[in-house]
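Data first, discussion second: the structure below is written as C-alpha cells.
Just so it is clear, none of the values below were taken in a lab; they were calculated from the coordinates. All values derive from a computational prediction rather than experimental measurement. Virtual Cβ from ideal backbone geometry, glycine too; neighbours counted across all protein chains shown.
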Amino acid sequence: MSALIQADAVSKRFAASGFTGEGTLALDTITLAIDPARPSITAVVGESGSGKTTLARILLGLIAPTSGKVLYQGEDLQTLPSARRQQFRRDVQAVFQDPYEVYNPFYRVDHVLTTPVRNFKLAASKAEGRHLIEESLRAVGLRPEEILGRYPHQLSGGQRQRIMVARALLMRPKLIVADEPVSMVDASLRATILGSLRKLNEEMGISIIYITHDLATAYQVSDSILVMYRAAVVEAGDVERVVRHPQHPYTQKLIASIPQVDTERGWLGGGEESGLGVNVGGCRFAPRCPFAEAACARAVPPLLRTETARAVACIRHAGPPLEDLAGVLAPAAMA
Amino acid sequence: MRPVLRVEGLSVAFDHPLGLVRAVDDVSFALRPRERFGLAGESGSGKSTMALSILRMIKPPGRIDGGKVWLEDTQLSELSIEAMRQLRLQGLAMVPQGAMNSLNPVLRIGDQINDAFVDHGVALSKDAARARIDELLRTVGLKPEVARLYPHELSGGMKQRACIAIAICLNPKVIIADEPTSALDVVVQLQVMQTLARVQESLGAAIILVGHDMGLMAQFVDRLGVMYAGRLVEVAPIADIITRPRHPYTKALISSLPSLEKKAPMTGIPGLAPLLRDLPPGCAFHPRCTAAVARCRAEKPLVRAMGEDTTVACHLVDDPA
C-alpha cells in the first residue's frame with residue numbers, strides 16, 4: 001500500500017528578485033513518507049529560514065516543488081484530478097501559526113466551522129452539522145456553548161487556535177500539518193493546545209507533523225523529529241535519542257541554547273560561535289561549527305544512518321547512507 | 001545597599017466604557033544597583049504596563065493613579081514632562097518589546113543613535129559622535145559599518161542589538177528590557193542575552209527583564225517577581241523561587257514549561273487569565289487555583305514579607321517561623 005503522503009527527493013528554490021542570481025534554495029532533496037497505518041507525531045525543528053515552513057507548504061500542496069514529487073496515495077499531487085484533490089483536502093489538514101489572522105473579524109467564529117461542513121457536505125442536516133461541530137470542539141477541550149456565536153475578538157488566542165484544530169478535526173483527517181501552532185500563544189496555554197494534538201493522535205489515529213522552532217515542546221509531544229538547517233535535514237530519528245544524545249553539532253548547539261529552569265546557570269556562559277567562519281561550500285553548518293575541519297568544506301555531507309532510529313548528516317559520524325527519512329522515523333523504525 | 005530604583009504602591013488604571021480596568025495594582029519593589037530583576041507573568045498580567053509606568057509612558061485612556069517611583073533620590077512623578085523626557089535614556093532606558101519594529105525604517109542606524117545625543121543635548125563634534133557610535137556598536141557586538149545601514153538590511157538579532165546600543169548610549173542606571181528576545185530563535189536569543197548581560201555589567205546598570213519564559217528568567221535574573229492580574233504575587237531570589245515556589249500561580253507557571261529532561265504529560269494552567277475589569281472577589285487566582293479554600297474566595301490576600309528579599313500574596317503560605 002502506498003503512503004498517505006510521500007515526498008520524493010523534493011527540492012524548492014525560490015526565484016531571486018530581478019533576472020540575475022540563482023535564487024534561494026529553501027529545501028534540498030528531502031524524501032519522507034507518512035504512513036497512515038502507523039500514526040505518529042513528527043516534529044520538524046529549525047531556526048527561521050531553515051526551510052521547515054517550506055516543507056509544510058509543499059506537503060500541503062500549497063506550493064509546488066522545483067524538483068521531485070509529492071505523492072498522495074501514490075499519485076502526483078500537482079496533477080491530481082479534482083475529485084481526488086477534494087479527497088486530499090479532507091485527508092490532510094493544516095493548522096497555521098497565527099490564531100488572529102485566520103479569522104474574518106466580521107464573522108462569528110462559527111463561520112470557520114460551518115463552511116467546511118457545507119463545502120464538503122459533511123452532514124446531511126443542519127442539526128447533524130451542529131452536532132459534528134460541537135463534538136469537534138469538545139475533542140479539543142472547548143465548551144461549545146462558550147464558543148459558538150462569539151466573534152473572534154471575544155476569544156483568547158488559545159481558544160482561537162483550538163478552534164482551528166477543531167476545524168481540522170471536522171474533516172476526520174489522516175494527517176494534520178501544524179505550522180508553529182503555539183508560537184503566538186502564552187506559555188501556560190501551549191501545553192493545553194499541544195495536549196489536544198497529542199490526544200487526537202492517540203485517540204483518533206491522526207498523524208501530525210508539528211513544525212516548530214521550540215525544541216522543548218517538540219520533545220514533549222512528538223515521537224520522532226527532523227532537525228533542519230539551511231534547507232536540509234541534518235539529524236532525524238527517534239525524539240528521545242536525538243534530544244537526549246544529539247549527534248549533529250547543530251542539534252547540540254540548539255539544545256544548549258535553550259534556557260532551562262534550573263539552578264545551575266551555565267546558559268549565559270555557553271554557545272560561543274566558532275568554526276570556519278566563512279561559507280566554504282560543503283557542509284552548511286561548517287561556518288559555525290566548533291568541530292569544523294578542512295574536510296567539511298569538500299562536499300555536503302549525506303544523511304547517514306548511525307542507529308536504527310536515527311540519521312545524521314555529519315562527517316564525524318559513520319553509517320550506511322539513508323535516502324528515505326521514513327526509515328528512521330517512528331514508529332516504523334522502533335517497531 | 002541603597003536601591004537604585006524604588007517602586008512604591010504603583011497603580012495604573014485604564015478608563016473603559018464598561019468600568020475601570022486596573023492593569024497595575026499597588027505594586028512595590030526595589031532594585032539594587034547592578035541587580036537583574038525579572039518580571040514574569042502571562043499576557044495581560046500587567047507586566048508590560050508596569051514597565052511602561054515606571055518610565056511614565058502610559059498613554060490615555062491609561063493613567064498612573066497611585067504610587068511613587070524613585071530613581072536614586074529623584075521622585076519621578078514630581079518631574080516636569082521635559083525633565084522626565086531627559087531622564088529617559090540617561091537614567092532609565094528601555095529595550096522595547098518587538099524592538100525589531102521599533103527602529104525607524106527610513107533612518108540609518110547611526111543616525112538613530114545620533115538622534116539620542118542631539119535630543120538629550122549631548123554636544124559632540126561630528127567625529128566624536130561617529131567614534132562614540134562605533135564604540136557603542138562594537139559594545140553590542142556589531143561592526144561599525146552597521147551605522148550606515150538601514151534597519152531592513154539587518155537580521156532580527158542585529159536589529160535587537162542596535163536597539164540595545166540605543167538604550168545604552170547615554171549610560172542609563174536602569175535598563176528595562178521588555179521581552180527583548182521573544183521574536184528570535186533560541187541560538188540568537190542566547191547571543192542577544194549575552195550581549196545584554198555584558199553591556200549591563202560594563203555600565204554597572206541594573207536591569208528589569210520582562211517576559212514569560214521561565215527558563216530565560218531562571219538563567220538570567222537574580223530575583224524574580226511574578227505578576228498576576230496586575231499584582232506582584234511573589235518576589236524571591238531566583239534559585240529560591242524555582243526550587244521552592246510559594247505561590248500556587250508561580251508553581252503552575254514553572255510546571256507549564258516543557259522540560260528537555262523528561263517527558264511528562266503536558267499540563268497547562270487550567271482556565272484563563274481573568275478580565276482585569278471584572279476580577280473575581282478575593283484572590284484573583286482562586287478560580288484557577290487547585291489549592292483554593294473558602295478564604296481565597298472572600299478575602300484578597302495581602303503582600304507579606306517572608307524574610308529578606310521575599311514577598312508573597314497568598315493565604316495558603318504560612319508566615320515564616
Euclidean distance between Cα centres, the stretch B:257-271 to the stretch B:56-75, Å
38 Å
Grab the DSSP H runs of chain B that are 4 residues or longer, score each as -39,500 (n - 2.57), total them, divide by all residues and round the 222 nm result to the nearest 500 deg cm²/dmol.
-9000 deg cm²/dmol
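Around residue B:94, with a cut-off of 14 angstrom between Cβ atoms, what is the net charge of the other residues, counting Lys and Arg +1 and Asp and Glu -1? Intermediate results must be reported in sequence, preceding the final value.
On the way: positive: B:47, B:56, B:85, B:88, B:173; negative: B:178, B:179.
Spelling it out: positives minus negatives among the neighbours equals +3.
Restricting to chain A, what percent of DSSP beta bridges are antiparallel, rounded to 5?
Numbers: 27 of 45 bridges.
The answer is about 60 percent antiparallel.
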Rounded to the nearest 20 debye, what is the charge dipole size of the stretch A:174-274 about its Cα centre when +1 sits on each Lys and Arg Cβ and -1 on each Asp and Glu Cβ?
120 debye
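Inside 10 Å of the C-beta atoms of A:214-220, what's the mean count of C-beta atoms belonging to other chains? Kindly include the intermediate steps, with their values, before the conclusion.
Details: counts 3, 3, 7, 3, 2, 6, 9.
Per residue, the number of nearby Cβ atoms from other chains is 5 on average.
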Residues with beta-carbon under 11 Å from that of residue A:145, excluding residue A:145: net charge, scoring Lys, Arg +1 and Asp, Glu -1?
+1
Which Cα, out of A:222, A:304, A:58, lies furthest along the positive dipole direction of the protein assembly as shown (beta carbon charges, K/R +1, D/E -1)?
A:58
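If you place +1 on the Cβ of every Lys and Arg, -1 on the Cβ of every Asp and Glu, and leave all else neutral, what size is the dipole of the protein assembly as shown about its Cα centre, to the nearest 20 Debye? All intermediate terms of the calculation are to be shown ahead of the outcome.
Numbers: 74 positive and 68 negative charges, 189 e Å.
Approximately 900 debye in magnitude.
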Taking Lys and Arg as +1 and Asp and Glu as -1, residues besides residue A:129 with C-beta under 12 Å from its C-beta add up to 0
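Within 10 Å of each Cβ in peptide B:38-48, how many partner chain Cβ atoms are there on average? Round it to a whole number, please. Walk me through the intermediate numbers first.
Values: counts 0, 0, 1, 2, 4, 8, 2, 1, 0, 0, 0.
Mean number of neighbouring Cβ atoms from other chains: 2.
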For the peptides B:76-88, A:313-325, B:174-186, B:235-247, what is the packing order when you average, over each peptide's residues, the other Cβ atoms within 10 Å and list the highest mean first?
B:174-186, B:235-247, A:313-325, B:76-88
Mind running the shape call on the stretch B:33-79? Use the C-alpha gyration tensor, a ≥ b ≥ c as the square roots of the eigenvalues: rounded below 1.5 for a/c, prolate if a/b tops b/c, oblate otherwise.
oblate
